[in-house]
Structures are given as structure tokens and as C-alpha cells.
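Enquirer: This is the structure I have questions about; it appears just below.
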Amino acid sequence: MTRPVLVIGNRNYSSWSLRPWLLLRQFGVEFDEVVLALDTPEFAAQALRHSPTGKVPALRDGDLVLWDSLAICEYANERWLGGRGWPAELPRRALARAAAAEMHSGFAALRTQLPMNSRRRPDGYRWDAAAQRDIDRVQALWRSLRRGHGTGGDFLFGDFGIVDAMFAPVAIRFDGYGVALDDTAAAYLQALSALPALRQWRQAAEQESARVAATDALCRPG
């Protein structure tokens, strides 16, 4: 039986690629990967060979091709994880899905003004009020889920799952841009950062030579 193939972008910049990659790796699913360099003339043509949208990530499992991060995570949950990607209880599972969906579709200002850059270190760069509202909402959501449902583990619903994979790139952003965190968010970021799979991703990102100039150019005013 052939192994599934996950097509991803540069680890340093591709937040959407990180989400299913982290889920699969953390749960020990074996897969092959194809890495495409973002922001290059060749990217669009290369990506179209793997995905109908010409974007990453994409998952190929036999004849099946999936091209959306959350859809890939849902498929992996049914195909390989035996349902462990979501909480077992229906109300908690529904809340986890709502939080993952909010991340999937929202926080536009946060995404735009604090783009994924795993190698980044805080340097005084700041963002506007719209991005700060997104930051505040993320932390409020994390507080609510941790206090109401996070007993028995260090993640939003106790054990690591899909909802945590969805928020992992946000944690990297908060770390790299020096976002002020409350105690709950700081502890959650620490738990995510300690995941062996996320450490592996970030170590590989440090070794990448490819650059996205517009993202790397963001710095403190002046």
C-alpha cells in the first residue's frame, strides 16, 4: 500500500501547511511530503500538479486528492486517527469544531499584519487596532476553552487535537512578533512549542534557504 503524500509550502511561511502536517506527525501517521517554494515563478504551475486550486497544502491518498487544511484534518481523523482528533463527548466536540472553524475563516487582520514567519524574533514591530482585536479574541477564546474544557491536559480540550493544530501557527506568530500574552495564553503557547512535531517543523524551518521578501521585511517602525 502506498503512503499518503502531503504537499506543503516552505515551513517558515506556510501556516496552512503546518496544520495538517502537525496533526499527522504528532499522531504518528506515516506519509511522504513534497515541499514547494512559495512566492516563486514556478510555484503556481507546480502546485497545480497536486491541487485543483493551485495552493498548498494538498493531500493525496491513492486516487483521492484533498486541498484544504481543515478538510485534510477531518479526513485524517476518520482515516487514521480513529476519531482521536476531536473530543469524544458531543458538546465538547461541537465547541472544538466551532473554535477550529473560527480560526479557519476569521482573524483576517491578524493574518495580514502578522504573517507566518517561524524564524522571526520580536523587534518592536507593531500592528493596528484591528489586528489587536483579533489578538484579544484569540486569547479570550483560549481562556474560555482552557478553563471550561482543558482539564486533564495542556491543550484547549485537554489532549492535543485538530483544534490545537489549527491554532499552532497563531502561537508561532505570537512568539515571533512579541505579542503580550496573558497567563493562559503563555502556558498554552509553551505546551504547543514543546510538541516534538512542532519542534521538528521549526527546526527544519530554520534550515530553509528560501525567502519571502515581503514577509521578512516587516520590522519595527523606523
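No lab work stands behind these numbers, since they all come straight from the coordinates. Values in this document were obtained by computation on a predicted structure and should not be read as measured data. Reconstructed Cβ throughout: ideal geometry from the backbone, glycine too, with neighbour counts over all protein chains shown.
Enquirer: What is the Cα centroid distance between region 29-74 and region 105-171, reported in whole angstrom?
Expert: 24 Å
Enquirer: Rounded, prolate or oblate: which one fits region 175-222, using the alpha carbon gyration tensor with axes a ≥ b ≥ c (rounded when a/c is under 1.5, else prolate when a/b beats b/c, else oblate)? Before the final figure, lay out each step's value.
Expert: Working: a/c = 4.61, a/b = 1.20, b/c = 3.84.
Judged from the Cα gyration tensor, region 175-222 comes out oblate (a/c at least 1.5, b/c at or above a/b).
Enquirer: Further question: Which shape class, rounded, prolate or oblate, goes with region 72-122 when its Cα gyration tensor gives a ≥ b ≥ c as root eigenvalues, a/c under 1.5 marks rounded, and past that a/b bigger than b/c marks prolate?
Expert: Working: a/c = 2.91, a/b = 1.89, b/c = 1.54.
Because a/c hits 1.5 or more and a/b exceeds b/c, region 72-122 counts as prolate.
Enquirer: Would you please give the FRET efficiency between R84 and A194, computed as 1/(1 + (r/R0)^6) with r the Cβ-Cβ distance and R0 = 25 Å, to the nearest 0.05?
Expert: Working: r = 19 Å, r/R0 = 0.77.
Computed FRET efficiency for R84 and A194 comes out at 0.85.
Enquirer: Counting helices only, and only those DSSP H runs with n ≥ 4, report the 222 nm mean residue ellipticity of the chain as the sum of -39,500 (n - 2.57) divided by its residues, in deg cm²/dmol to the nearest 500.
Expert: Values: 10 runs with 115 residues, N = 222.
Calculated mean residue ellipticity at 222 nm is -16000 deg cm²/dmol.
Enquirer: Are there any GluC sites (Glu not before Pro) in region 1-74 that are in a DSSP loop and have at most 16 other Cβ atoms within 10 Å? List them by number.
Expert: Values: sites: E30, E33, E42, E74; in loops: E30, E42.
Sites meeting the loop and neighbour criteria: E30, E42.
Enquirer: Give the Debye-formula value of log10 I(q)/I(0) at each listed q (0.16, 0.17, 0.23 Å⁻¹), with one equal scatterer per alpha carbon of region 105-222, two decimals each.
Expert: -0.79, -0.88, -1.45
Enquirer: What's the Cα-based Rg to Rh of region 26-126, Rh via Kirkwood?
Expert: Using only Cα positions, Rg/Rh for region 26-126 is 1.01.
Enquirer: Compute the orientation-averaged projected area for the chain from the convex hull of its Cα atoms and round it to one decimal in nm².
Expert: Details: hull surface 49.7 nm².
Over all viewing directions, the chain projects a mean Cα-hull area of 12.4 nm².
Enquirer: Quick check for me: using +1 on Lys/Arg Cβ and -1 on Asp/Glu Cβ, what's the dipole size of region 1-65 about its Cα centre, in debye to the nearest 20? The partial results should precede the final answer.
Expert: Values: 7 positive and 7 negative charges, 30 e Å.
So the dipole magnitude of region 1-65 works out to roughly 140 debye.
Enquirer: Applying a 10 Å radius around every beta-carbon, put 213-219, 170-176, 100-106 in order of their mean neighbour count, most first.
Expert: Values: 213-219: 11.4, 170-176: 22.6, 100-106: 16.4.
So the peptides 213-219, 170-176, 100-106, ranked by packing, come out 170-176, 100-106, 213-219.
Enquirer: I would also like to ask the following. Between S144 and L218, what is the spin-label point distance in nm, taking each point 7 Å from the Cα along the Cα→C-beta axis?
Expert: Taking the two extended label points, one gets 2.5 nm.
Enquirer: Now, a different point. At 7 Å along Cα-to-Cβ for each site, give me the label-to-label distance between Q46 and Q207 in nm.
Expert: 1.7 nm
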